[in-house]
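The block underneath contains the structure these notes are about, expressed in structure tokens.
The values are calculated or read from the model by the stated rules, or taken from the named source; none is laboratory data. Treat the numbers as computed from the prediction; the structure is a model and nothing was measured. Note that each Cβ is placed from the backbone with ideal geometry, even for glycine, and that neighbours are counted across all protein chains shown. Calculation scope for accessible area: heavy atoms of the full protein, side chains included, ligands and nucleic acids excluded. Shrake-Rupley method; radii C 1.70, N 1.55, O 1.52, S 1.80 Å.
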Number of protein chains: 2
Amino acid sequence: MDVSAIAESVRRKLDERIPRTEWTEEERTWYKEDKKRRKEAEAALKKHVDLEGNVPSPSEEAVLSAQLESLKMDADAPAFGRYTLKALTTSSCGDDSVRRTWVEAGTLGVAHPACATNQEVWLRGRVQTVRAQGSKVAFLVLRHQYATVQVVLVADSVPSVTRDMVRWLARSGEVTPESVVDICGILVPAQVKSCTQNDVEVHARRIYLVSRARVPLPFEIADASRRADEDGPHVHRDTRLDHRFMDLRVPAHQAILRLQSGVSTLFREWLVAHGFTEIHTPKIIGGSSEGGAEVFRLRYFDENACLSQSPQLYKQMAICGDMRRVFEVGPVFRAENSNTYRHLTEFVGLDIEMEIQESYHEILDVLEQLFQHIFEGLEQRFGAELSSIQRQYPFQPLRYKRGRGLRLTHRQAVDLLREHGEQVDDLVDFTSEQEKALGEIVSKEFQTDFYVIDRFPAKCRPFYTMPSPDDSRYSNAFDVFMRGEEIVSGAQRIHDVDLLRQRITEKGLDPATLQSYVEAFQYGVFPHGGAGIGLERVVMLYLGIGNIRECSMFPRDPKRLYP
Amino acid sequence: MDVSAIAESVRRKLDERIPRTEWTEEERTWYKEDKKRRKEAEAALKKHVDLEGNVPSPSEEAVLSAQLESLKMDADAPAFGRYTLKALTTSSCGDDSVRRTWVEAGTLGVAHPACATNQEVWLRGRVQTVRAQGSKVAFLVLRHQYATVQVVLVADSVPSVTRDMVRWLARSGEVTPESVVDICGILVPAQVKSCTQNDVEVHARRIYLVSRARVPLPFEIADASRRADEDGPHVHRDTRLDHRFMDLRVPAHQAILRLQSGVSTLFREWLVAHGFTEIHTPKIIGGSSEGGAEVFRLRYFDENACLSQSPQLYKQMAICGDMRRVFEVGPVFRAENSNTYRHLTEFVGLDIEMEIQESYHEILDVLEQLFQHIFEGLEQRFGAELSSIQRQYPFQPLRYKRGRGLRLTHRQAVDLLREHGEQVDDLVDFTSEQEKALGEIVSKEFQTDFYVIDRFPAKCRPFYTMPSPDDSRYSNAFDVFMRGEEIVSGAQRIHDVDLLRQRITEKGLDPATLQSYVEAFQYGVFPHGGAGIGLERVVMLYLGIGNIRECSMFPRDPKRLYP
């Protein structure tokens, strides 16, 4: 490597730069630091050449290659300091206040204050596309989350914007799609149909490459953003999920997860306002969870433990401890080897448990009001996300009744199904086909996609479920359905310790593993009940999305443990 | 068993009851149902006697014994329907609206509307104490959560309150402490110093035993409620935690957990208002978490997996996916065999991760504002809980600076410690003794219990930490301390994939296990950083409570896997 030739080229290029009198204060500082850095780099390079034959350590090599890169950039960069590979944004410690005027792409428009004042603003985003128009003009579409904005670079529009800068941006191959760049420029009114910010563009004066994306990408964002019925390549779900960090950049896919976030925010908001306390119960539990089947087992120091299948027993203990009304948002684990569109091995459970005064229907009252709050909140606060999802995954908005919702008993549901020609047995759970058929019947007859089936047969429910007082074949238990699929399962629980013990024995469970649970019922318990809700399922069915994996950021199923 | 004798006694007693003309509508209904029930019970009993020699099934036996109990209660209960063991509150299905006027103990006072109108109200609660005064009067202190209210039963005050009723309540041994009872009565102004509701009492007209507590209790609530310096028995922490469902009834202990709930509510509230999105990342992860040591391992179908030690890598992948600002509230797992006052093997992590524009100190700005919101929110919304904790566990309120907080560099902290005679090495982490000494020095010199130590030595921090730009022995990493103990650890992260790979190798980690993480950094990443907060630790140090187990509802440590 001819170090002195590179150094000479750098010095020559420096003289061709913008006159010092035009430099900004920032550029003066930059220059001073840069000079020092160049000297160090030259010295290091010389030393490296002197020591030729010695193998440098990985850190030394990294430093050297960064320094070489810097020299090379300098040599290629006549518009000194106005475009380049930015030094790593490491933010020195004294340097702790934001000094530039930053704007967010999503806020840009003719109404933005900077549009009237011609003030230079900074914005950071990803390169969605970049192209040259002749040798003087380059267009860049900058993306930040949902927003896209057009950036235009015109050589000689100001002295510091040169043809070399245009070439670097649009033709050098340095600035790859998905790279992160900082743009400094002014806002100018313009019609830009192809961007979300469609009444302004940014006339760039400086561009820095903050983080360069490797080529090729695992897949193109545009391909992953197509509707199923649109022409052009599509990306397989598994490929997308393998590279979820890329997939989340697809507006609709990120929107689904923002909506998921909205559901739990709205869930908590309503419950806290109605006297519920949030609790956190352990996920590592001794014994074998609620009876044993399909749990993940692990060693806990010298003991056997498993992962919690639901906070059921703990939230009931909180009730035994007079917490009165509690809820939890947390992971639940099911070691079921089910590879379907609607099963996950780890999902987020939204659980509630509450004292009841006279009837377990008080729980249904709570659930109906709670879901109404969630649905209305999504409509009011997540309009942008819903539109974004609607564009890629068209769906019919969910129909639900305001106020008291539709409640059918299991018996009534069986009758409805039979009236419509379905073969249904009494006193057993519905199959998922029957559930879907019922969803369609209810949708037609009652004009709602959200309803309750109450009074489930006792033998389909867990041991802790309160039997119906008038017919022990049934129970004070219900499910809530959305578009023909279950999203909530709930019931009154047995608060009488003798009845609880009896049910454990009748269900053939081992009383020893449930000892600390049963003990909690010996010392006076308020009548109570509750429900468990699957967060991802609520999102899937609210949106009518066909696969639950789309509604989990990093889904887990029997075949997926990564990323 | 002489069934006909029992039946005869029941019939006789019925005639001695309150004249029908005095019955309420509810009592009429009750009577009708009761008559039917008695007939069935008699029939069942007769059948049982007929079949003597046959062993009934457990359910049959339960039904029979309940029916017998009901006959016995009838026979013993001259004030028919006005006190008794209540039938299980199972709430028949049609019966789904609350028909009684229920009040909550905590709302009772002279200002309560029912106090002026003499209206009969219903309230449910636990028997804290019950005692007779002669044969005509009984006093019961009813407790519901924090509230206690005095209930008085005076024989002959109304025709239906009899001496038998007083005897049943206060002398029969039926109504044990901690039992749940329903009281129907009127509110009467009275001075009751010993109760939280100290300007009214309830003159009872009916009392039902809803759920009877077994005697003896595992421990007395009064004993578990004593200050450490108070005379009288105290309950060992392990005993309390073994029966956490009882321990939560101690006002201060429940208050600690309600405060814990408040911290996460306030945490989310501020973050959602500031553009953060809540995420849920998997707890079962492939590979060996962030480098391997001290993880709980499990089998995941045919693969090896472990429990997440933090959402670190996933929240960074969310940033790579352009989520911009994210947070998570969820369990984290540490298989450390540490039996100290401040370690748990499973705790709740409050995690944030965000893009930064110019400096990682933007994260500190967020944290300081966030904690100020939390502290102010606790003071404003949790006054009752704080007083309740203060009474049993006196503590000095936390001192913190409004606006920009105290930020010292690690170097400055080392100097401060040396000035005060401590032996401290450069470039290593503080011991917990040094941290506490520093806390005391800071408390005296800067009048704050909440502060930041910035620019930690690089070798104490994980591989993904951004080194300081001016001195690679240090890093862009910080801890936040409360009362001399760490509650938050945070830093700028490396967003450059080459530097990241280099640090993985330098730290001696296996790149293979971190492959899907590193891959996420190849395709352009926004500069970013974040922090992890231990929820239980925040609560412990905010309250100056001496043991973290008090701040977790069902704590997990190497020796505690139950309940």
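Brief remarks follow.
- Residues of the stretch A:205-253 classified as open to solvent by 40 Å² or more (accessible area, probe 1.4 Å) and of a type in the set (A, V, I, L, M, F, W, C), total: 3
- Filter result for the condition that a residue is modelled with pLDDT under 95 and either more than 12 Å from chain A (Cβ to nearest Cβ) or touching a Phe, Trp or Tyr at 6+ places or on another chain (Cβ under 8 Å) (or both), over B:255, B:204: B:204
- Residue A:501 being out of contact with any Lys or Arg (no Cβ under 6 Å at 6 or more places or on another chain) and either open to solvent by less than 50 Å² (accessible area, probe 1.4 Å) or away from chain B (no Cβ under 11 Å) (or both): no
- Number of the exception - residue A:262 against (1) open to solvent by less than 10 Å² (accessible area, probe 1.4 Å); (2) facing another protein chain (nearest Cβ under 7 Å): (2)
- Any chance residue B:190 is in contact with a helix residue (DSSP H, G or I) (Cβ under 9 Å, 6 or more places away or on another chain), modelled with pLDDT of 95 or more and among the hydrophobic types (A, V, I, L, M, F, W, C): no
- Residue match in the stretch A:148-169 (condition: more than 14 Å from chain B (Cβ to nearest Cβ), under 24 Å from residue A:215 (Cα atoms) and free of Cβ contacts under 8 Å to residues at least 24 places away in the same chain): no
- Residue check for residue B:428: free of Cβ contacts under 8 Å to residues at least 60 places away in the same chain, among the hydrophobic types (A, V, I, L, M, F, W, C) and surrounded by fewer than 16 Cβ atoms within 10 Å (Cβ to Cβ): yes
- Condition check for residue A:212: within 11 Å of chain B (Cβ to nearest Cβ), touching a Ser or Thr at 6+ places or on another chain (Cβ under 7 Å) and over 30 Å from residue A:381 (Cβ atoms): yes
- Candidate set: the stretch B:375-408, residues that are modelled with pLDDT under 95 and under 14 Å from residue B:442 (Cα atoms); chosen: the one least open to solvent (accessible area, probe 1.4 Å): B:405
- Against the criterion of being of a type in the set (Asp, Glu), in contact with a Ser or Thr (Cβ under 6 Å, 6 or more places away or on another chain) and either under 15 Å from residue A:408 (Cβ atoms) or surrounded by 23 or more Cβ atoms within 10 Å (Cβ to Cβ) (or both), residue A:454 qualifies.
- Failed item in (1) open to solvent by less than 10 Å² (accessible area, probe 1.4 Å); (2) within 13 Å of chain A (Cβ to nearest Cβ), with residue B:192 passing the rest: (2)
- Within the stretch B:79-94, considering residues that are more than 14 Å from chain A (Cβ to nearest Cβ) and in a loop (DSSP other than H, G, I, E, B), the one modelled with the lowest pLDDT: B:79
- Residue within the stretch B:465-482 that is away from every other protein chain (no Cβ under 13 Å), farther than 26 Å from residue B:400 by Cα and open to solvent by less than 10 Å² (accessible area, probe 1.4 Å) present: no
- Residue in the stretch A:310-321 that is open to solvent by 10 Å² or more (accessible area, probe 1.4 Å), within 9 Å of chain B (Cβ to nearest Cβ), assigned to a loop (DSSP other than H, G, I, E, B) and over 26 Å from residue A:265 (Cβ atoms) present: no
- Hits in the stretch B:341-391 - residues which are over 22 Å from residue B:490 (Cβ atoms) and among the small types (Gly, Ala, Ser): B:383, B:384, B:387, B:388
- Residues (touching a residue at least 60 places away in the same chain (Cβ under 8 Å), within 11 Å of chain A (Cβ to nearest Cβ) and part of a loop (DSSP other than H, G, I, E, B)) located in the stretch B:216-242: none
- For residue A:337, the requirement of being facing chain B (nearest Cβ under 10 Å), assigned to a strand (DSSP E or B) and surrounded by fewer than 20 Cβ atoms within 10 Å (Cβ to Cβ) is not met.
- With respect to the stated conditions, residue B:367 fails to be open to solvent by less than 10 Å² (accessible area, probe 1.4 Å), touching a Leu at 6+ places or on another chain (Cβ under 9 Å), hydrophobic (A, V, I, L, M, F, W, C) and in contact (Cβ under 8 Å) with a residue 40 or more places away in the chain.
- Criterion violated by residue B:307 - all others in (1) under 29 Å from the mean Cα position of the chain (by Cα); (2) open to solvent by 20 Å² or more (accessible area, probe 1.4 Å); (3) facing chain A (nearest Cβ under 10 Å) satisfied: (2)
- 2 or more residues open to solvent by less than 10 Å² (accessible area, probe 1.4 Å), over 24 Å from residue B:497 (Cβ atoms) and in the same structural domain as residue A:191 (by TED's automatic domain parsing): qualifying strands (runs of 3 or more DSSP E) within the stretch A:95-179: A:147-154
- Residue in the stretch A:351-359 that is within 9 Å of chain B (Cβ to nearest Cβ) and within 25 Å of the chain's Cα centre (by Cα) present: no
- Applying the criterion of being touching a Gly at 6+ places or on another chain (Cβ under 6 Å) and either at pLDDT 95 or above or assigned to a strand (DSSP E or B) (or both) to the residues of the stretch A:355-374, the residue that is nearest to residue B:148 (Cα to Cα) is A:363.
Here is a yes/no grid of residues against (1) more than 25 Å from residue A:318 (Cβ to Cβ); (2) touching a Ser or Thr at 6+ places or on another chain (Cβ under 6 Å); (3) aliphatic (A, V, I, L, M):
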position	(1), (2), (3)
A:488	no, no, yes
A:503	no, no, no
A:511	no, no, no
A:515	no, no, no
A:522	no, no, no
A:531	no, no, yes
A:539	yes, no, yes
A:549	yes, no, no
A:563	yes, yes, no
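- Some residue of the stretch A:268-283 being more than 18 Å from residue B:245 (Cα to Cα) and facing chain B (nearest Cβ under 8 Å): yes
- Residue B:295 vs. criteria more than 8 Å from every other protein chain (Cβ to nearest Cβ) and in a loop (DSSP other than H, G, I, E, B): yes
- Residue A:197 touching a helix residue (DSSP H, G or I) at 6+ places or on another chain (Cβ under 7 Å), assigned by TED's automatic domain parsing to the domain that holds residue A:155 and open to solvent by 20 Å² or more (accessible area, probe 1.4 Å): yes
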